[in-house]
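Here is the structure we will look at.
The values are calculated or read from the model by the stated rules, or taken from the named source; none is laboratory data. Here the structure is a predicted model, which is why all the values come from computation and not from measurement. Here the Cβ is made from the backbone with ideal geometry for all residues, glycine too, and neighbour counts use every protein chain on show. For accessibility, only protein heavy atoms count, side chains too; no ligands or nucleic acids. Shrake-Rupley method; radii C 1.70, N 1.55, O 1.52, S 1.80 Å.
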Number of protein chains: 2
Amino acid sequence: MDRRREELMAAALELFSRHDAEDVSIDDVATAAGASRALVYHYFGGKQELYVAALRSAAKELEDRLRPVSGGTAIEEMAAGLTRYFDFVEDHAAGFAALLRGGPANRAGEVGEIVEGVRRRLFKMMTNQMRVTEPSPVLRTTLRSWIATVETAGLDWLEKRDIERPALERLLVDQMVALLGVAASHDGPLGWALSDLGRAPAAHEAGGPAPS
Amino acid sequence: MDRRREELMAAALELFSRHDAEDVSIDDVATAAGASRALVYHYFGGKQELYVAALRSAAKELEDRLRPVSGGTAIEEMAAGLTRYFDFVEDHAAGFAALLRGGPANRAGEVGEIVEGVRRRLFKMMTNQMRVTEPSPVLRTTLRSWIATVETAGLDWLEKRDIERPALERLLVDQMVALLGVAASHDGPLGWALSDLGRAPAAHEAGGPAPS
């Protein structure tokens with residue numbers, strides 16, 4: 001039974017990744033999954049619930065891809081994470097755009113929570129890699145801004161595709177290094193914490209909480 | 001008659017700047033403006049239209065504030081524009097958040113267009129000040145990203161208010177300079193165009209199109 005639900009969700013996600021949510025009907029999903037309309041209603045209750053479930057599964061896939069895997073420096077790990085982020089952008093183009101640009105759902109409600117959840121996870125990953133437990137206001141706004149920068153660059157890239165992905169990823173990593181440098185110049189103690197980002201192996205969540 | 005419409009809009013904007021759109025009723029607006037419910041319907045047709053009209057007037061006010069006024073360098077003008085942007089963020093706190101975080105309206109529709117319109121205007125202002133008519137992909141994604149950075153910092157500041165506004169504005173200007181530096185290092189011709197941003201007086205729209 002759970003497997004059937006997974007199949008319906010996969011079909012919905014594939015449709016939402018190619019069409020605006022308002023243009024996808026319950027019937028479309030049922031047809032794509034070779035299921036009945038009634039089965040979709042049985043599992044999801046309605047289109048809004050299906051939309052939320054599909055976005056949630058996309059967000060989960062994105063978060064799974066972002067789990068740190070290498071043993072490189074913090075900068076190297078963030079660069080590798082960025083590549084996996086853009087793999088997701090490329091594989092789920094319209095789904096990514098739908099997640100960030102909104103649709104019929106109330107952004108302040110469940111869908112907004114899904115997007116904020118991904119951002120919080122990214123934020124936590126970065127502070128973990130920097131071994132920072134209590135980010136200063138300057139670091140917090142810098143990391144949030146860089147996440148917005150990546151999202152914006154992802155949407156821009158999907159729209160124009162006039163930069164090669166590897167070149168765009170290098171640009172974003174260099175932007176992050178530059179933004180952290182600016183943050184360090186505005187926040188003395190932060191400068192010390194950031195000074196060996198490019199040298200020391202990155203901290204991992206598995207390694208337990210970092211010293212503050 | 002037009003003046004009455006302006007008063008209703010001002011009352012609506014003030015309410016939308018303090019409350020989520022879904023918590024503002026036509027009656028609230030009528031009461032705040034000392035008008036009848038019927039008059040609000042007469043001018044706006046319904047709550048969605050009132051919401052869109054109010055956001056549009058907020059966007060117009062923001063754009064009016066951003067019009068270049070000084071005769072300084074491009075960097076100085078962008079810094080002054082940023083101060084006026086944050087004046088708006090501070091004066092219309094919840095309105096700014098509502099504009100960017102969404103609400104009951106379909107973000108892909110009219111409200112999305114209003115937000116994108118402000119971003120386009122900001123983007124045009126910056127390329128004008130840089131005397132760039134055809135931004136390269138690297139410059140385009142950099143400027144879009146910086147606009148997202150400013151929006152994110154504005155939302156973060158409204159939420160936490162643990163950085164002084166002048167310090168945050170200096171951080172954002174330094175971030176922009178750093179991001180432009182990164183862009184220049186990825187885009188040779190751009191480096192040449194950007195090299196005197198901090199020295200030459202900024203170009204103005206009134207001065208006609210800039211050489212490409």
> Given a Förster distance of 51 angstrom, what is the FRET efficiency for B:Ile26 paired with A:Asp87, based on the Cβ-Cβ distance and rounded to 0.05?
Replying inline: 0.60
>> Below 8 Å, C-alpha to C-alpha, sequence gap of six or more: please give me the relative contact order for the stretch B:56-199 in percent.
In response: 31 percent
>> Please state the shape class of the stretch B:18-98: rounded when a/c is under 1.5, otherwise prolate if a/b exceeds b/c and oblate if not, all from the C-alpha gyration tensor.
In response: prolate
> B:Val115 versus B:Asp2, label points 7 Å from Cα toward the beta carbon: distance in nm?
Replying inline: 3.1 nm
> So what J values fall out for the stretch B:153-159 if you push phi through Karplus, 6.51 cos²θ - 1.76 cosθ + 1.60 with θ = phi - 60°, rounded to Hz, Gly and Pro as x?
Replying inline: 5, x, 5, 4, 5, 4, 6
> Using the beta-carbon distance between A:Arg165 and B:His42 and R0 = 30 Å, what value does 1/(1 + (r/R0)^6) give for FRET efficiency, to the nearest 0.05?
Replying inline: 0.05
>> Suppose you put the label 7 Å out from Cα in the Cβ direction; list, shortest first and in nm with one decimal, how far B:Asp91 is from each other copy's label.
In response: 4.8
> What shape does the stretch A:1-50 have by the C-alpha gyration tensor, where a ≥ b ≥ c are the square roots of the eigenvalues, rounded means a/c under 1.5, and otherwise prolate means a/b greater than b/c and oblate the rest?
Replying inline: prolate
>> Can you give the local net charge around A:Leu8? Use residues other than it whose beta-carbon is closer than 13 angstrom to its beta-carbon, Lys and Arg +1, Asp and Glu -1.
In response: -2
> So how much accessible surface do A and B hide from each other in total, probe 1.4 Å, in square angstrom to the nearest 100?
Replying inline: 2800 Å²
> By its C-alpha gyration tensor, with a ≥ b ≥ c as the square roots of the eigenvalues, how is the stretch B:56-199 shaped: rounded for a/c under 1.5, else prolate for a/b larger than b/c, else oblate?
Replying inline: prolate
>> Considering only protein heavy atoms and a probe of 1.4 Å, how much of the accessible area of the stretch A:56-199 is carbon and sulfur, as a whole percent?
In response: 53 percent
>> So, for the stretch B:56-199, what is the accessible surface per residue at a probe of 1.4 Å, expressed in square angstrom?
In response: 41 Å²
>> Report the Cα centroid-to-centroid distance between the stretch B:11-54 and the stretch A:118-192 in angstrom, as an integer.
In response: 39 Å
> If packing is taken as the mean number of other Cβ atoms within 10 Å per residue, what is the order of A:31-39, A:133-141, A:8-16, A:111-119, highest first?
Replying inline: A:8-16, A:133-141, A:111-119, A:31-39
> Once amide H atoms are built 1.01 Å from N in the peptide plane, which residues 5 or more positions from A:Thr73, or in another chain, come under 5 Å H to H?
Replying inline: A:Ala202
>> I need the inter-copy label distances for B:Val69: point set 7 Å along Cα to C-beta, values in nm with one decimal, smallest first.
In response: 5.3
>> Using a 1.4 Å probe on the protein heavy atoms only, what accessible surface does A:His92 show? Give it in Å² to the nearest 10.
In response: 30 Å²
> Which whole-number percentage describes the relative contact order of the stretch B:1-53, with Cα contacts under 8 Å and a sequence gap of 6 or more?
Replying inline: 37 percent
> Which distances, in nm and shortest first, link the A:Glu49 label point to the same label point in every other copy, taking 7 Å along Cα→Cβ?
Replying inline: 3.6
